[in-house]
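The values are calculated or read from the model by the stated rules, or taken from the named source; none is laboratory data. Keep in mind the model is a prediction, meaning the values are calculated, not measured. Positions of Cβ are backbone-derived with ideal geometry, glycine not excepted, and every protein chain shown enters the neighbour counts. Ligands, DNA and RNA are excluded from the accessible area calculation, which covers all protein heavy atoms including side chains. Shrake-Rupley method; radii C 1.70, N 1.55, O 1.52, S 1.80 Å.
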Amino acid sequence: MAEKKWVYLFNEIDEVQKTVGGDWDKVRSLLGGKGAGLADMTRANVPVPPGFTVTTEACNAYLAEGEQFPPGMWDQELVALKKVETLTGKNFGDPNNPLFVSCRSGAKFSMPGMMDTVLNIGLNDETAAGMIQKMGDSRFVYDSYRRLVEMFGSVVLGIPDEAFEEPLADYKKNRGLKLDTEMTADDWKTITEEFKTVVRREAGFDFPQDPYEQLRLATEAVFKSWNGKRAVDYRNAAGIAHDLGTAVNIVTMVFGNLGTDSGTGVAFTRDPATGENILYGDYLLNAQGEDVVAGIRNTEKIQNLNNDLPVAYQEFLDICDKLELHYRDMQDVEFTIENGKLWMLQTRTGKRTAKASVKIAVDMANEGLISRSEAILRITPEQVDTLLHPQFDTKAIDIAKKEGRYYAKGVNASPGAAVGRVYFDADTSERKAKEEHQDVIMVRPFTKPDDVHGMLAAKGILTSEGGATSHAAVVARQFGVPCVVGASEIRIDLEKLEMEVGGKVVKEGEWISVDGTSGLVFLGQTPTVAPSLEEQTDLLTLLKWADDICATLGIRKTYPGWPTKGLQVWANADYPKDARRARSYGAVGIGLCRTEHMFFEQERLPIVQKMILAETSDQRIAALDELLPYQRLDFEGLFEAMDGYPVIIRLIDPPLHEFLPSEESLLEEVITMRVKGEKVGLAKKEKLLASVKSLHESNPMLGLRGVRLSIYMPEIVEMQVRAIFEAAADQTLKGVVVKPEVMIPLTGTVKELNWIQPRLERIAKQVMQEKEVTFEYKFGTMVEIPRAAITAEEIAEVAEFFSFGTNDLTQMTFGYSRDDAERNFLIKYVEEGILPKNPFQTLDVEGVGRLMKMAVEEGRKTRVNLEVGICGEHGGDPASIEFCHLIGNNYVSCSPFRVPIARLAAAHSALKYSEMGVQVLEDK
Ligand code: PEP
Ligand code: MG
């Protein structure tokens, strides 16, 4: 049997590829990322110093065999070294013509700085002398030699760095020198000897003069470094498997410090910050690689190399082009020029900012380097998110942490950065923002619907209670206001108008910084950077391509009659201005207009209260008649903004007590009036208190709300439907194309729909008759109670569309209060692994998702073309969007600010599954 091959020369890449069956990923597994890159460049005729790779399999065998090289490995390494000698015309250990090599680690996935490297292997007293004779430059030789002794000592022999750093520092101090560049040949010679003494003292034996011994020990050290603490910790943090092993690359040394016709540098083939298609990098003449990275000397812009070494520079440009073409991505390269000759030492896919990622992907698709689909798949939804919200500068965050300004952490409810002065109630927040033009952070224990004006005026929101789908979170996301909720360490004192964490008190009017992206809160002002979608032309192009993918007929292979295009993206929008924003962000429908928010506006709330407190139906209708014009106006604006697109308007949902003052405050007022003997208005207040008491429920979220309220008090929704249809009719007469869809919330049984829907449809038809117009419309329901999902087949007999209200559906399926769970136990559940993720942020596919899948299937048994969407917070979450694609939703609906993210995520889902057969998830 042929001996196992443990070592491959860089020029044996074809053989490697054949051995692993052609798969490049497997090549990277065997040779590591660096080894594969060096070999691949060699194959592409890029000048790479000759060398070879000892495989990751050899590393694993070494570790498995109790730190013994596997049989044959060392001999193969020696044979490979001989071939390198032939290729370079130099000989390892030969004083007259010495070959020096580096020994570099290189795992499949880059683990920067986590494992070991030794340079200048092959130097000893004899080869050093030989080199000096050959080159006549003893400074260079001793500088290289002392580097080897130091690196060998620390990396291979485990001697602490200080053992070398201290004598060097003392030496420089004694001689009055500061910089390495001031050291002479004799200085380095002395240091080399001193370092050898350090090795003898610390290791108990001499620095090995035998080059082969150096190579063998360095190879072993790299193998061992795979299990070093740093590397293990890094793999744990980065989720890299522990059984991959590292390869060892032995590479001929090339020296950039041989004079002014030598140099070294690093470069990105495009600008990693902006993505611009210009070479971006630095170099130094007469220097070694680490000098560039360490920043000891001021580096030169890469373009200036054209003046210093034009021939090498032109070759470098050609190689960069070639590498980009070959890898079809921006590369991060390292090079050295030795006496005018260019050598490439590394190429890898370069890290970049979100902005650069988008620009590079779009440019490369336009250049024909990659397909549009590939461009789409290269961008993550998180990167789009980053581009749309003002962000804290990462450096600024680090500084804030260093300065001890970290304050608290909560749930990252609505992304983006906000800096402002703290105010503790909605009215003050609004006043300070509007009248005094202050930047405001509204801080509350939690928020209620009547805090919305303060929330809208604020730059950011912070609550000490509540979770990802609490009121504050939902509204903040809806309006794109950065928000952190449930920061439970914070004690808010609404009397003293201050908050406190661990003795740090923030008073009203003081500055804080709230990071809705990370959930962190800082004291004081932290600088932000602000983006805008309109200006981001590359992102707009990419999203347009994403829409094209989703609009492709047949991209979704599913059951007959079900949608075969990808998902559409609609938006949750309550006001015309939000609808306009939603459209400008690319939404093609409104999936949820929460009508109750309109009731909270200043001039309407008293009418709403009058309506709630009415004693007779006539009184109620009179109040509703007053509200009707306002509602009509709201809807007219929505239809106009969404000309030609569907608009789903949800009938009133929340319990009525939310529109009334709190029982506590009323009771306090009544008692005070009684005590003071104030008679005027007392009876009215007492009556109000009695009504509020009568509306009290122990569990309002499970009480008189949604369709139950509509059946209990049909006048309200009758008014709403009239307003919707009058607005739609008026807009139709103006030439706007309207597509109203009336949504009934919280249905649990089809009988509820049987009761209410025909009454409402009658009104719809009546209005159309009165106005003498017709237009498309639909009546449908939210599916947010498990029973609705289970009985979807019956419900679809009446409902023409379903929209999953996954906030309530999650709440009711788990039995977790959406307003309290995160504050109490949910975060712990996630930390303890009881739940994989917060189910109010990412759909619980196995439970809630299963109900949804059942509802779609059952519903479409009755009505094959049933329109299905989602309007809970999950509609903007990429993982949940993928699930909606798989179960056959027509669209997802989310906050306008998340529309671009959802568009990209929808295209990702479409592309990911486009090659598969019927995509509907099979039951486990
Ligand atoms: C839901 O329950 O998912 C929903 C969208 O309705 P709301 O959040 O208004 O209860
Ligand atoms: Mg709901």
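Here are some notes:
- Panel values: the range 684-797, Kirkwood radius from alpha carbon pairs, Stokes-Einstein at 10 °C and 1.306 mPa s, translational diffusion coefficient 100 µm²/s.
- When DSSP beta bridges are restricted to pairs lying wholly in the chain, around 65% turn out antiparallel.
- Shape descriptor for the range 841-893: Rg over Rh equals 0.95 (Cα atoms; Rh from the Kirkwood inverse mean 1/r).
- A 1.4 Å probe run over the protein chains yields, for the range 65-116, 44 Å² of accessible area per residue, whole-number rounding.
- Long-range amide H partners of residue 642 with built H, under 5 Å: none
- Accessible carbon and sulfur surface of the chain relative to its total accessible area, %, 1.4 Å: 51 percent
- In Hz, Karplus ³J(HN,Hα) per residue of the range 323-328 (6.51, -1.76, 1.60; θ = phi - 60°; x = Gly, Pro): 5, 4, 4, 5, 8, 6
- Cα-only radius of gyration and Dmax that characterise the chain, units Å: 34.8, 113
- Semi-axis lengths, Å, the range 61-131, gyration tensor of Cα atoms, sqrt of 5 times eigenvalues: 26, 17, 12
- Convex hull of the range 806-924 built on C-alpha atoms - directionally averaged projected area, nm²: 8.3 nm²
- A simple charge model with +1 on the Cβ of Lys and Arg, -1 on the Cβ of Asp and Glu and nothing else charged puts the dipole of the range 829-885 at about 380 debye relative to its Cα centre.
- Accessible area per residue for the range 579-674, computed on protein heavy atoms with a 1.4 Å probe, is 41 Å².
- Long-range amide H partners of residue 282 with built H, under 5 Å: 266, 302
- Between residue 399 and residue 551, the C-beta separation translates, for a Förster distance of 41 Å, into a calculated FRET efficiency of about 0.35.
- Span per principal axis, largest first, for the Cα atoms of the range 414-480 (Å): 31, 23, 19
- When the pairs 355/395; 693/751; 5/26; 577/734 are compared against a 22 Å limit on Cα-Cα distance, 693/751 fall above it.
- Remark on the range 522-580: ratio of C-alpha radius of gyration to 2.2 N^0.38 Å is 1.76.
- Residues in the range 824-840 carry Karplus couplings, in order, of 9, 10, 5, 4, 5, 4, 6, 4, 7, x, 6, 10, x, 8, 5, x, 7 Hz; the curve used is 6.51 cos²θ - 1.76 cosθ + 1.60 with θ = phi - 60°, and Gly or Pro positions show x.
- With protein chains left intact and a 1.4 Å probe, residues in the range 330-489 average 36 Å² of accessible area per residue.
- When both the range 538-559 and the range 424-449 are represented by their alpha-carbon centers, they are found 41 Å apart.
- A straight line joining the Cα centroids of the range 319-376 and the range 57-117 runs 28 Å.
- Tail beyond 22 Å, pair distance distribution of the range 445-581 (Cα, percent): 55 percent
- Straight-line cross-link reach from residue 172 at under 28 Å between alpha-carbon atoms covers these lysines, not counting any fewer than eight positions away in the same chain: 189, 196.
- Spatial separation of Cα centroids for the range 709-736 and the range 590-625, in angstrom: 14 Å
- Computed on the range 106-202, the Cα convex hull volume stands at 120 Å³ per residue.
- Farthest positive-ward along the range 8-117 dipole, Cα basis, beta-carbon charges - from 38, 71, 93: 38
- In order through the range 377-389: 3J(HN,Hα) via Karplus (6.51 cos²θ - 1.76 cosθ + 1.60), integer Hz, x for Gly, Pro: 5, 6, 9, 8, x, 5, 5, 5, 4, 4, 6, 9, 10
- In a reduced charge model with +1 at each Lys and Arg Cβ and -1 at each Asp and Glu Cβ, the chain shows a dipole moment near 1160 debye about its Cα centre.
- Placed amide H near residue 590: partners under 5 Å, 5+ positions off or other chain: 571, 647, 648
- Translational diffusion of the range 173-272, µm² s⁻¹ [Kirkwood Rh, Cα pairs; Stokes-Einstein; 25 °C; 0.890 mPa s]: 135 µm²/s
- As a length-normalised measure over Cα pairs under 8 Å and 6 or more apart, the relative contact order of the range 54-188 settles at 17 percent.
- The range 225-279 - Rg (one decimal) and Dmax (whole number), Cα, Å: 17.9, 45
- Nearby lysines by direct alpha-carbon distance to residue 507 (threshold 23 angstrom, same-chain neighbours under 8 apart not counted): 401, 402, 409, 432, 434, 448, 459, 496
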